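Down below is the structure, laid out as structure tokens.
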Amino acid sequence: MVNKSEKNRTEETLHFVEELKRQWVATFDALIDPVLIIAPDYLIQRANLAAAKMAGIDVRKVVGMKCHKAIAGRLKPCPACKLQDTIEGNSPNQFPLVDVVPERSFEVTSQPFPESKGQRFAVHIYRDRTEAAVMQSRLIQSEKLASIGLLAGGIAHEINNPLGGIMIFSQMLLREMPKDSPYYDDVREIEAASQRCKEIVQSLLDFARVQPVEGRKKLFTPMDAMEATESALRFARINLNQNIQIREHFHAKSSKVLGDKNQIIQVVLNLLQNSMQAMRGGGDLSLEVKNDKAMENLLIVVSDTGVGIKPEHIKKIFDPFFTTKEPGEGTGLGLSICYGLVTEMGGKLTAASKIGEGTTFTVTLPLIPLQTSSS
């Protein structure tokens, strides 16, 4: 017979074990990083609450699932997975998990787990590195832009001299040429274009000096974005492919914004040229200027019937140096500069596309309230 003291010791031992188990489970679930204990056949033996949350599945249902199915929705193991190396080599490993979980990047630490009943397992700890990856990408872009600033300053100074000559001689021609001459308007266009180039060169110099954004905003003035868009369209028509049909829809009731005319011309001209390049064999190009329903914003919409942009590329097209063009056809800076210019003016630049159907870019600029613009 078991005496009372032995029974009490047994109960105390069981209670102690249960308390340890409870504390272990509580600690396991309190970890903010997802943790999985995985068998060699990729079946999950144990998961904490963070792992269940990442998988979007109840923690009780995660156990028994394949890890790649629960975490990434994949039928096969994730690329670069080191589970087998960890278990067979009985040594720790690390590997990245990038773009497997939508829009998230993880660094996975894979550790061998003590044998249980003759079977070996691995513990996977998923550390979210998404923000760190974004910050690293921004740092790299900043370094690239700093290099561009130095290059831009040198180029701007070299361009200024011949540009000054073009402006002087075009102005001399205008003074000497009769206003009824058939070439008078063409020379005026040359003079206006050279003046615009001069202002763009000045913008390059400002960029090279890394002038604060707030300083540039102080230079913004009330202006008519519809007129700027019409000017951009005139420039775009100069090199227009005869197989491309442009359809204009200018029906904004209000187009007064606080910004810079040349910047808007630069943005719209770049979008138009991008659309033309996407329709090398011809197509329809639509340029629409309208107001939103609330009459709070001006929308400049550029649509084409070109080749379209792949879904995996649409999120990257505004990144500096990202381009899908052939070498020598683009630097990958056009759209990123446009994005920056529109953002400075308090607006938004968005894109939507379907492969084989075309692309639509929308510039949204806040309107100047009527009472302000009329005062």
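The values are calculated or read from the model by the stated rules, or taken from the named source; none is laboratory data. Values in this document were obtained by computation on a predicted structure and should not be read as measured data. Positions of Cβ are backbone-derived with ideal geometry, glycine not excepted, and every protein chain shown enters the neighbour counts.
Worth pointing out:
- The criterion of being in the same structural domain as Ile37 (by TED's automatic domain parsing), at pLDDT below 90 and surrounded by 12 or more Cβ atoms within 10 Å (Cβ to Cβ) holds for Phe113.
- Residues that are β-branched (Val, Ile, Thr) and modelled with pLDDT under 75 were ranked within region 14-36; the one that is surrounded by the fewest Cβ atoms within 10 Å (Cβ to Cβ) is Val17.
- Search result, residues across region 219-249 that are farther than 27 Å from Glu199 by Cα and surrounded by 15 or more Cβ atoms within 10 Å (Cβ to Cβ): Ile244, Ile246
- Candidate set from region 59-86 (those that are farther than 10 Å from Tyr42 by Cα and in contact with a helix residue (DSSP H, G or I) (Cβ under 6 Å, 6 or more places away or on another chain)); member that is surrounded by the most Cβ atoms within 10 Å (Cβ to Cβ): Ile71
- Residue count, region 226-281 (criterion: among the small types (Gly, Ala, Ser) and under 18 Å from Ile190 (Cα atoms)): 4
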